[in-house]
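Remarks on the structure that follows.
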Amino acid sequence: MKYTTWMATALIVVAGSTACSAGEFGLSAPFTDDASSGISSSNTYTHAISGGTAVSVNGVSFEALTDAVTPANFDWNTNTFSKNLVTNNFGDWAGGGTVTGPETIALLKDFTYSGNGANQPASQTFTLTGLTPGQQYDFRFYIRPWDDAGSGRPIDFTFTNGSEVDTVAGPEDRPGTVLGTGDEMSAFYLSYKYTAQLDNLVIDAAVGSAENNSGSFHMYGLSNQVVPEPSCFALLAMAACS
């Protein structure tokens, strides 16, 4: 296992496996419009899921995840707690914050969440199935703030890819803190690049350990895209790791 702090200045492995075999976490720059979301019809997606309502962003169709409807090759487990959704509600992210792209805003205005509230160590699990072992993928959570008060909604993510277990933690409601920009009204994505060991990827989103926790993880949108085959130059670099 490796543990990573979910901050732009500290996306650093602090315990565990080598960079050649481990999954790799990353953060996008803040979104300014639809194009800067990184969502593109030129990518090949195995999963594109919107919490609450189906939307289309840059020609990519995001299927709706609700308390009653679950897309194919996907599972959302809240254990003993209720499945909930909020639609057409920005919370404290007034009018989409600093994002101007209408399609990206549509993706981010709805979300699902677990009814565990701030209970610890409660969590919800997202499972992607139908993956191809040996294929490289780039998984992304699309994130924006909901509550500008409280503890910032700290979330502990655990990504399980076969025998590889990688963990990252940070405050979902504090994009400016996470990205190091100071703009808490921005939006971004958290990326996890990995080579599938099995036909599934399991992501656990647990309520953080901070005092006065803000509550469970808000799932606005997620995607999983195929990483294109590396160039000859990249293959040479990979060989140096073996």
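The values are calculated or read from the model by the stated rules, or taken from the named source; none is laboratory data. In this text the structure is predicted, and so the values were computed from the model without any measurement. Ideal geometry is used to build each Cβ from the backbone, glycine not excepted, and the neighbour counts take in all protein chains shown.
Every condition in (1) polar (S, T, N, Q); (2) within 15 Å of the chain's Cα centre (by Cα); (3) not in a strand (DSSP E or B) holds for Q124 except the one numbered (3).
The single condition among (1) more than 22 Å from N200 (Cα to Cα); (2) modelled with pLDDT of 80 or more that A64 does not meet is (1). The residues of region 106-115 that are assigned to a loop (DSSP other than H, G, I, E, B) and either at pLDDT 95 or above or acidic (D, E) (or both), listed by number, are K109, D110. No other residue among A19, A118 is within 24 Å of D147 (Cα to Cα), aliphatic (A, V, I, L, M), in a loop (DSSP other than H, G, I, E, B) and modelled with pLDDT under 95 apart from A118. Please determine whether any residue of region 28-37 is under 18 Å from L190 (Cα atoms), exposed (fewer than 14 other Cβ atoms within 10 Å of the Cβ), modelled with pLDDT of 95 or more and touching a helix residue (DSSP H, G or I) at 6+ places or on another chain (Cβ under 8 Å). Taking every residue of region 28-37 in turn, at least one turns out to be under 18 Å from L190 (Cα atoms), exposed (fewer than 14 other Cβ atoms within 10 Å of the Cβ), modelled with pLDDT of 95 or more and touching a helix residue (DSSP H, G or I) at 6+ places or on another chain (Cβ under 8 Å).
Restricting the search to region 28-81, which residues are assigned to a loop (DSSP other than H, G, I, E, B) and either of a type in the set (A, V, I, L, M) or under 16 Å from the mean Cα position of the chain (by Cα) (or both)? Listed by number, the residues that qualify are S28, A29, P30, F31, G38, I39, G52, A54, A68, V69, A72. Report yes if some residue within region 89-105 is among the aromatic types (F, W, Y) and part of a loop (DSSP other than H, G, I, E, B); otherwise report no. Yes, that holds for at least one residue.
Annotation note: of S163, S151, the sole residue that is among the hydroxyl-bearing types (S, T, Y), modelled with pLDDT of 95 or more, farther than 13 Å from F25 by Cα and surrounded by fewer than 20 Cβ atoms within 10 Å (Cβ to Cβ) is S163. Here A94, A149, A118 are screened, and the one residue that is touching a strand residue (DSSP E or B) at 6+ places or on another chain (Cβ under 9 Å) and either touching a residue at least 60 places away in the same chain (Cβ under 8 Å) or not aromatic (F, W, Y) (or both) is A118.
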